[in-house]
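The values are calculated or read from the model by the stated rules, or taken from the named source; none is laboratory data. These figures come from a predicted structure and were not determined experimentally. All Cβ positions, even for glycine, are placed from backbone atoms using ideal geometry, and neighbour counts span all protein chains on display.
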Amino acid sequence: MGIALVGLGKYATEQLAPALQETANCYLAGIVTGDSNKAAQWKRHYTLNEQCVYNYENYDNIKDNPAIDIVYVVTPNALHAEFVIRAAKAGKHVICEKPLATTTKDCDRMIEACENAGVTLSVGYRLHFEPYNQQMMRLGQTHKFGFIEHLIAKDGIEGVTGWRLDPQLAGEGGPLMDVGIYCLQAANYVYNMSPIAVTGQQDGQSVHFHLEYPGGFTAECECSFSKKMNYLHANASNGWFELEPAFGYAGIKGKTSVGSLHFEQVNQQAIEMDSIAKAILSGKSTPVPGDMGRDDVQMLLAINRALDTGQRVLLDPVIRASATTETGGAINGAWFASQDEMQH
Ligand code: NDP
């Protein structure tokens with residue numbers, strides 16, 4: 001399937017376009033950019049057809065381009081909605097970067113536009129396709145070490161500049177939407193549940209939040225724009241398992257109370273795009289659906305409300321078929337059968 005990238009910033013340039021040179025089910029077919037210099041450079045570098053190079057004004061003409069099957073939106077967060085809805089109206093499948101949007105209203109508009117157009121909306125949740133994180137899902141979801149008594153997730157970066165510091169473009173809650181989302185996602189996919197209540201405190205450019213799940217299970221999360229952190233740890237009744245670093249593009253390492261984990265280092269973005277393309281081609285549902293992105297935005301906004309009010313914020317439980325289980329199935333047909341591949 002031909003993919004067009006919208007917004008040729010750091011992530012599109014350094015991760016997605018190179019990954020599209022390694023994919024089997026999709027390839028870089030087009031670009032959408034507001035910068036004519038980038039348009040010329042990319043066109044040359046990736047040997048793109050002139051008809052597959054768009055700007056933000058003529059973007060809607062993509063509807064007439066049969067070479068483009070999927071539009072991948074990689075702009076600042078608050079602009080995702082506009083570009084996703086325009087892609088849907090052009091009849092293209094969409095992948096949208098995380099977070100899906102900065103408000104639930106925008107998420108709903110995006111989901112509705114894709115449903116009305118009969119196209120698939122996926123979220124660029126690359127870690128659903130990463131073997132160490134998949135193993136964390138398995139260990140949590142199958143209770144390999146018993147029930148989890150304590151879960152910790154931390155993700156922080158330093159030296160953040162530009163639109164990420166502007167709530168109009170990035171969304172509310174400082175680092176929550178950018179890196180906090182990885183902590184929330186990890187806690188949810190290890191437990192295979194979503195929280196029913198949240199509390200949180202902000203400390204400068206860092207946010208601590210506490211997630212409460214059905215059954216009394218909890219997760220302690222920390223995200224930051226001023227501190228480097230990259231950690232996932234689960235303490236269970238019969239042992240523990242962890243990743244550090246947990247959420248990077250590469251170099252993820254894992255161990256458990258009975259030894260180290262060893263999995264292949266993969267190109268997460270290539271597998272993500274290939275898996276989504278494969279799901280579309282085979283008429284299956286996407287492993288990382290827009291609904292999942294919407295639920296996460298709702299939870300992040302609830303955490304932000306907890307930060308603002310100092311109160312515990314209640315959430316309706318999300319009752320939906322396990323997306324994480326589906327993800328495993330999408331990547332590895334023998335997802336549950338392969339539990340024993342864990343190497344110590
Ligand atoms: P950048 O700032 O590097 O790039 C964003 C691009 O969006 C710009 O280069 C520009 O492209 C386009 N754009 C359009 N309108 C605007 C505007 N008003 N202000 C700024 N840029 C604009 O951001 P990133 O690439 O780091 O992030 C983009 C998206 O990808 C975000 O949603 C982010 O959360 C997500 N992301 C996901 C990651 C992951 O691991 N899944 C990692 C990093 C980011 P152009 O010049 O071509 O018009």
Can you confirm whether the stretch 324-339 contains a residue that is at pLDDT below 95, surrounded by fewer than 18 Cβ atoms within 10 Å (Cβ to Cβ) and under 20 Å from ILE181 (Cα atoms)? yes
Looking only at the stretch 264-318, which residues are assigned to a helix (DSSP H, G or I), away from the ligand (no atom under 16 Å from the Cβ) and among the β-branched types (Val, Ile, Thr)? ILE280, ILE303, THR309
Go through the stretch 65-104 and give me each residue that's within 9 Å of the ligand (Cβ to nearest atom), within 19 Å of VAL179 (Cβ to Cβ) and β-branched (Val, Ile, Thr). VAL74, THR75
Scan the stretch 166-175 and give yes if some residue there is in contact with a Cys (Cβ under 7 Å, 6 or more places away or on another chain), under 18 Å from GLN268 (Cα atoms), more than 10 Å from the ligand (Cβ to nearest atom) and not assigned by TED's automatic domain parsing to the domain that holds LEU100, otherwise no. no
Hey, could you check the stretch 111-134 for residues that are in a helix (DSSP H, G or I) and within 13 Å of the ligand (Cβ to nearest atom) and say which is surrounded by the fewest Cβ atoms within 10 Å (Cβ to Cβ)? ARG126
Those residues of the stretch 5-60 that are within 20 Å of the chain's Cα centre (by Cα), within 12 Å of the ligand (Cβ to nearest atom) and in contact (Cβ under 8 Å) with a residue 24 or more places away in the chain come to a total of 11
MET229 being buried (at least 18 other Cβ atoms within 10 Å of the Cβ), in contact (Cβ under 8 Å) with a residue 40 or more places away in the chain, of a type outside the set (Lys, Arg) and closer than 30 Å to GLY118 by Cα: no
Would you check if TRP240 is more than 18 Å from the chain's Cα centre (by Cα) and within 24 Å of ASN77 (Cβ to Cβ)? no
Qualifying position, being among the acidic types (Asp, Glu) and either within 29 Å of ASP203 (Cα to Cα) or in the same structural domain as SER194 (by TED's automatic domain parsing) (or both), among GLU244, GLU272: GLU244
